[in-house]
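Everything below concerns the one structure shown next.
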Amino acid sequence: MEFIFLAIGIALAGYFIGDGLKNFNNPTAKSVFQKWEESDVIEDVKKKYVRLALETGNHSSIARKAGISRDTFRRWMNEYKDEMLDLMENEGTTILSDNPTKGELLEKYEQAMKLLGEKELEVAMLKNLIKKNESL
C-alpha cells in the first residue's frame, strides 16, 4: 500500500517539476497555481458584472463598463446568472424587472438606504477604534 502512495507522490512531483522545466527558458511563465488563482479572480470579476447587471437591469451599459461586447456579456450572463440569482436571493436582494413598478423601485430604494446605514455604522465604529488606538 505504501508503494502506491510513493508512486503517486513521485508522479505528482514529476508533473510539477516538468511544468517548471517547460518554463525554465521563460521565467515570466505562470505556474499551475498562478493560473488557477488568476482564473478564480477572473471568474469573480465576471460574476460581479453579472450581479451588477441583474441589480440594475441595464446590461448594455454594464457591458460597456466592462469593455466587452454585448455577445460576450450575454455568454457571461448565461454562465453565471443562476448562481448570482441564488446568491442574491439568499442575501435578500431584489432584482428590478424590465419595467419596474413604483413599489419595486421603493423596495430597492429601501434596501439601498439600509445598506448605506450599515456602511455608515461600520465607518463610525472604525473611526472610534482608530481614536482608541491613537490614545493608547
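Which condition number in (1) modelled with pLDDT under 80; (2) assigned by TED's automatic domain parsing to the domain that holds VAL45 is the one that THR72 fails?
(1)
Can you tell me which residue within region 22-64, out of those that are aromatic (Phe, Trp, Tyr) and over 14 Å from GLU83 (Cβ atoms), is modelled with the highest pLDDT?
TRP36
The values are calculated or read from the model by the stated rules, or taken from the named source; none is laboratory data. Just so you know, these numbers come straight off a predicted model, no measurement behind them. So basically every Cβ, Gly included, is an ideal-geometry build from the backbone, and we count neighbours across all protein chains shown.
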